[in-house]
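The values are calculated or read from the model by the stated rules, or taken from the named source; none is laboratory data. Since this is a predicted model, take the numbers as computed values, not measurements. Reconstructed Cβ throughout: ideal geometry from the backbone, glycine too, with neighbour counts over all protein chains shown. Protein only, heavy atoms only, side chains kept; ligands, DNA and RNA dropped before computing areas. Shrake-Rupley method; radii C 1.70, N 1.55, O 1.52, S 1.80 Å.
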Amino acid sequence: MKIQTQGLKRKYSKHSDEYMKEIEEVLFSGSYILGDKVKQFESEFSSYLGVPYVIGVASGLDAIKIACRTLGIGSGDEVIMAANVYSACALAVTAVGAKPVLVDCNRYKNIDITKIENAITKNTKAIMAVHMFGQSCNMDAIWRLANKYCLYVIEDCSQAHGAIYGNQKVGAQSDIACFSFFPTKNLGAFGDGGCIATRNDLFVSKCQILRNYGQKDKGNYIELGYNSRLDEIQAAILKVGLKHLEENNTARQRIAERYLQEINNKKLILPETQPLSTNVWHQFVVECENRDEMCAYLKENGIETLIHYPKPFYLCPAFEYLGYKQGDFPNAEKLTFSLPIYPELSYAEQSRIIKLLNEKI
Ligand SMILES: *Cc1c(COP(=O)(O)O)cnc(C)c1O
C-alpha cells in the first residue's frame, strides 16, 4: 500500500456526517455569501484564539494583502520576513506595492532574530512573523525590535493553527494576524479560505470593507477593495474542522514524538522545537544532504514525500527583481524534505516509514 503525503480523503470520511449536515444547512438557508456560518465561524475561531475579532477572507494570500492594506503598507514601504517562507508572503507584500526584505532562518526554520536589525531601514514598516511548519517565531525578540524601531508586527499563522508561544496562541501576539485554510493546513477547508485576526477595533472595519469591494455600506465605496469573502460553505466546513483541531494537533504531536524517538539514521537531521513554543507539526521537515537519493528510495518503497519548497521563492524567475542570489541565505537553502505527518496516518504506516528510514544506509 502506498503511503500518501496527505490524508484528505480520510479526513473527510472520518467525520463526513458532520460535514454534510453543516453543508446542507447552508444549501437550505438560501444565504450563500457572508451569511450565518461565516459569522459563527468568525466568532468561534476568535474565542479559540483568544483574539476579539476574526474576519473571514477568501485565502491566506488575500489575508496578508488585506492586512498590509489595513496597516497602510504600500508603495515605498518594506516588510521584513524570512527567506524560507511560502511565496504568498512575498507576493502579498509585492501586490500592495511594498517590498519584501529577506533575512535567513535559524535552526528552528523561523526568522533568525539576530539578522533582523541589519535589515531595518527608514522604509521598514513591519516585521512579518511567519510561523513555519507548526511552531511560533521567537515573538519576544521580534517585539523587542518592533518596539525599538516602531514597527508593526504581522503574524502569518497559516502553518501553525493552535500553536502556543509563551502562554498565548499564535495569532494573538501581534497587531494583525493572517491564516490560510487551504485544505492541507492544520485547520483546512475543502477549498480555499483564510482569515485575519486582530484585537484592534479600527482594523476590523477596514478589513471588512476591503474584503467586500471597499464598501462601507452597500454601494458606498470608500476603498479600492477586493472580492475576498470567506465562502459560506467553507465556513460551515471550518466549524467542523475547528471542533476537531485540538485532537488533530495532538495526533500530529504523537506522530512527531515517535519520529523523533525512533528515527535513527545518521544521514538525517531531525527538526527541533524552540523553548517556549509548542509545535503543531504542520510539516515534519528533515535535513538530508543526499535528499534526492533518500526520496527516491522512499518512493520505490511506496512512501510519498514532499519538499518545502523545491526552490526558495527568491531564486524563481518572478522574484528575480528582488535581487537576491543563490548563497544569500544558507539556512533557507539547506536540502530538506518532509515526511508524511497527518492525524489519519496509522500507527502501522508510521512504523513502516520509521523502519525504512532506519534500514537505509
Ligand atoms: C499556505 C500558506 C499561505 C497561502 O495560503 P493560500 O490560502 O493558499 O493563499 C500563506 N502563508 C503561508 C505561510 C502558507 O503556508
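A few points about this structure:
- Given their separation in residues at 0.36 nm each and the Cα-Cα distance between them, L91 and L145 gain 17.0 nm when the chain is fully extended.
- In plain terms, the chain from E272 to R352 could stretch by 26.6 nm, reckoned as 0.36 nm per residue minus the Cα-Cα distance.
- Rounded percent of accessible protein surface that carbon and sulfur make up, segment 186-330, 1.4 Å probe: 51
- Kirkwood radius, segment 47-146, all distinct C-alpha pairs, inverse of mean reciprocal distance: 14.1 Å.
- Packing rank of 25-34, 143-152, where each peptide gets the mean count of other beta carbons within 10 Å, highest leading: 143-152, 25-34
- Against the criterion of solvent-accessible heavy-atom surface with a 1.4 angstrom probe, L335, L298 sort, most first, into L335, L298.
- Summarising the strand pairing of the chain, around 60 percent of its internal DSSP beta bridges are antiparallel.
- Under 18 Å from the Y12 label point (7 Å along Cα→beta-carbon), backbone N, segment 229-247: 231-242
- Against the compact-protein benchmark of 2.2 N^0.38 Å, the Cα-based radius of gyration of the chain scales to 0.99.
- Stretchable slack from E289 to R107, in nm (0.36 nm times residue separation minus alpha-carbon distance): 64.0 nm
- The modelled label-to-label distance for the pair E257/K2, using points 7 Å beyond Cα in the direction of Cβ, is 3.2 nm.
- A simple spin-label model places pseudo-atoms 7 Å from Cα toward Cβ; at C316 and H244 they are separated by 3.0 nm.
- Mean-position separation - Cα centroids, segment 187-218 and segment 38-68, in angstrom: 6
- Theoretical FRET efficiency, 1/(1+(r/R0)^6), r = Cβ-Cβ of K325 and E25, R0 51 Å, to 0.05: 0.45
- Efficiency of FRET from Cβ geometry, N118 and L306, R₀ 45 Å, rounded to 0.05: 0.90
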